Amino acid sequence: MTTPLESLIASGTKLWLDSIDPDLVATNRAQGATGATSNPIIVGDLIKTGRFDDRLATLMDEGFDDETVAWQVTNLLVKEAQEVFSDVHEKTRGNDGYVSFELDPLLEDVDCKLSTEERAAQYVELGKKWAAGQSNRMIKVPATPGGLAALEELAAAGITVNVTLIFSERQYQAARDAIWRGAQRRDSLDNFKSVYSIFVSRIDVYTAKHVAELSEAAQGMVGIVNAQRLWQDNQAFWADKKLPLDQEIIFASTGTKNPNDPPQKYVAALAGSDIQTNPPATNDAIQKIDGLTFERAVDQLPPQEVLDDIDAKVDFTKMEETLMEEGLAKFADPQKALLALIAEKRSTLQAAK
């Protein structure tokens with residue numbers, strides 16, 4: 001009998017895991033997942049389990065400071081996940097099987113004094129460092145002014161980029177155009193691959209709070225409509241480029257935030273193409289629904305009256321500004337928490353000697 005996740009993959013969706021927990025990577029790979037992504041929250045949660053204390057102790061004994069320990073353990077965990085998906089990367093000739101590595105979120109901290117140009121230079125330097133020698137690693141860069149300014153150089157340098165924290169058409173198009181400019185500076189486009197992470201459910205949290213006047217049919221649908229439209233834009237842009245590899249949308253933030261929504265709400269609406277990075281809890285909940293089958297829906301927009309209501313009432317520029325402000329706090333704070341956690345671990349591990 002076909003499982004729900006198997007039917008999702010059969011619909012045309014590539015399933016990536018929103019975790020690099022080695023156990024979850026193995027479980028989800030067995031369920032059909034073909035990639036994964038990481039961030040400081042995921043790494044911090046793994047460290048809290050105590051399962052990686054030996055690795056931390058080894059790194060600390062080698063004299064690394066807390067920041068270096070954080071990046072070294074992240075690098076090790078991402079590498080292990082890459083090994084699990086390396087067969088996918090080989091079989092698809094570089095079209096799938098990636099694990100995303102997020103660059104330093106503290107470059108977007110409110111206290112960071114660097115200019116946009118200086119942040120961009122840091123993203124380029126770090127991108128080259130953490131991509132070196134890694135065939136199936138994506139370098140994750142946010143669609144902030146500094147991140148966007150780095151994309152052309154990163155793409156020109158042959159680095160595979162995952163542009164994250166995208167909420168709007170403006171961000172997506174700026175990212176895509178910069179990456180394409182950079183890609184055309186390469187000697188060859190044979191290995192050119194890029195993905196664009198569109199955040200979905202956070203948009204519906206925003207409209208519930210800030211656009212309460214939406215009709216009942218439109219409320220809770222803006223995240224889906226926004227993602228579907230950006231997917232259409234992406235399909236149209238790359239259609240005539242004749243590239244060997246797909247340039248894809250990642251549908252991110254697909255876990256529901258409204259307790260009244262079924263767990264498969266976003267997964268079902270965006271099924272049928274490109275990539276979904278689903279939280280482990282979402283995949284688990286979906287797998288438990290007997291008889292659930294997914295069919296292609298990503299190209300099926302809601303009725304015109306719903307679209308008209310959304311377009312009349314949602315200020316997408318204001319939405320982007322608000323969500324980016326919130327998103328950057330969620331982006332930088334977990335890195336600070338990770339560094340604090342490692343400092344705490346250092347004290348605990350040293351005291352235990």
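Considering only protein heavy atoms and a probe of 1.4 Å, how much of the accessible area of the stretch 81-129 is carbon and sulfur, as a whole percent?
Carbon-and-sulfur percentage of accessible area, whole number: 48.
Measure up LYS14/LYS318; LYS209/LYS318; LYS14/LYS265 against 21 Å on the Cα-Cα distance and list the ones that go over.
The answer is LYS14/LYS318.
Send over a whole-number figure in Å² for the accessible area per residue of the chain, probe 1.4 Å.
43 Å²
Rounded to a whole number, what % of the accessible area of the stretch 202-353 do carbon and sulfur atoms account for, probe 1.4 Å?
On the stretch 202-353, the fraction of accessible area on carbon and sulfur atoms equals 51 percent.
Tell me which residues come under 5 Å, amide H to amide H, from SER253 once H is placed; ignore anything under 5 positions away on its chain.
Amide H neighbours of SER253: VAL200.
Which one of ALA252, GLN264, ILE224 has its Cα pushed farthest toward the positive end of the charge dipole of the stretch 188-311, where Lys and Arg give +1 and Asp and Glu give -1 at the Cβ?
ALA252
Please give the peptides 252-259, 264-271, 127-134 ranked by average Cβ packing (other Cβ atoms within 10 Å per residue), highest first, as a rough proxy for protection.
Averaged packing, sorted descending, gives the order 264-271, 252-259, 127-134.
Mind checking which of SER100, ALA120, SER135 is farthest towards the positive end of the stretch 66-148's charge dipole, using Cβ charges of +1 (Lys, Arg) and -1 (Asp, Glu) about the Cα centre?
SER135
Once both labels are modelled 7 Å past Cα along the beta-carbon direction, what's the ASN260-ASN75 spacing in nm?
4.9 nm
So what's the angle, to the nearest 10 degrees on a 0 to 90 scale, between helix 66-91 and the longest Cα principal axis of the chain?
50 degrees
What is the Cα centroid distance between the stretch 275-353 and the stretch 87-161, reported in whole angstrom?
Cα centroid to Cα centroid, the span is 19 Å.
Sorting check: for 212-218, 175-181, which peptide has the highest mean count of neighbouring beta carbons within 10 Å, and how do the rest follow?
Ranking, from highest mean packing down: 175-181, 212-218.
Could you give the length gained on full extension between GLU62 and ASP299, defined as 0.36 nm per residue of separation minus the Cα-Cα distance, in nm?
80.1 nm
Report, ordered by chain and residue number, the aspartates and glutamates lying within cross-link reach of LYS129, taken as a straight Cα distance under 15 Å and ignoring same-chain residues fewer than 8 apart.
Correct list for LYS129: GLU102, ASP104, GLU153.
Normalised by the empirical 2.2 N^0.38 Å for globular proteins, what value does the Cα Rg of the stretch 19-129 take?
1.20
The values are calculated or read from the model by the stated rules, or taken from the named source; none is laboratory data. Bear in mind the structure is a predicted one, so any value in this text is a computation, not a measurement. We place every Cβ from the backbone using ideal geometry, glycine too, and count neighbours over all the protein chains shown. The accessibility values were calculated without ligands, DNA or RNA, using every heavy atom of the protein model including side chains. Shrake-Rupley method; radii C 1.70, N 1.55, O 1.52, S 1.80 Å.
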